[in-house]
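Worksheet: the structure to be examined is printed underneath.
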Amino acid sequence: MRPLLLVILGLVVGAMGATFALSALRQGTPFHRGVMAVMQHHMGVLRSNVRARQCDAKATANRFSRMRQAAGDLREAFPDMDASFYEAAGRLDQALDGAAATAPATCEALARAVAPVGEACQACHRQYR
Ligand code: HEC
């Protein structure tokens, strides 16, 4: 009887340890914040490029594609949200695809392309942040 109890106790303690380790890992690397921070970074650079009048088409295209990749991780980064959250995430994808498709080559075009992206960020933040 005793060895069996010890085995069970060992399993329980092991499982608790694994749970603690996992939740510590999650707190240490908050993926959802990372995704937001990446998008925020590129958004900030694009806006300051417009202000500095430095709107290289290729650099802009690169930023849009990196933001689009981060946006593609929204579902994994926020796994337990309701349907309208994922619709808002989809609208960000569309805004980014649309912005990339216009391939802005001037600062005026870049400012126009960034605006709907910023609106898609805000629309979700108003409801969920
Ligand atoms: C589908 C919803 C949604 C979209 C779209 C979205 N966000 Fe967020 N964002 C959130 C939520 C929810 C939070 C709050 C996360 C938390 O604090 O746990 C957040 C938080 C943030 C934060 C703060 C992160 C932190 O460390 O607390 C930044 C910065 C941010 N978002 C930037 C952006 C940018 C830039 C975009 C657009 C390119 C964007 N977000 C689009 C839902 C969204």
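No value in this document is a laboratory result; all are computed from the given coordinates. These numbers were taken from a predicted model, which means no experiment stands behind them. Every residue, glycine as well, gets a Cβ built from its backbone with ideal geometry; the counts of neighbours run over all protein chains shown.
Largest first, the three principal axis extents of the alpha carbons in the range 30-128 are 40, 22, 20 Å in whole numbers.
Maximal additional length on extending the Ala111-Arg66 stretch stands at 14.4 nm, based on 0.36 nm per residue less the C-alpha distance. Take the Cα of Arg33, step 7 Å toward its Cβ, do the same at Leu4, and the gap between the two points is 4.7 nm.
Label separation (Arg91 vs Arg75): 1.9 nm, computed from points 7 Å beyond Cα along the C-beta direction. Note on Arg47/Gln127: beta-carbon distance plugged into 1/(1 + (r/R0)^6) with R0 of 30 Å gives a FRET efficiency of 0.85.
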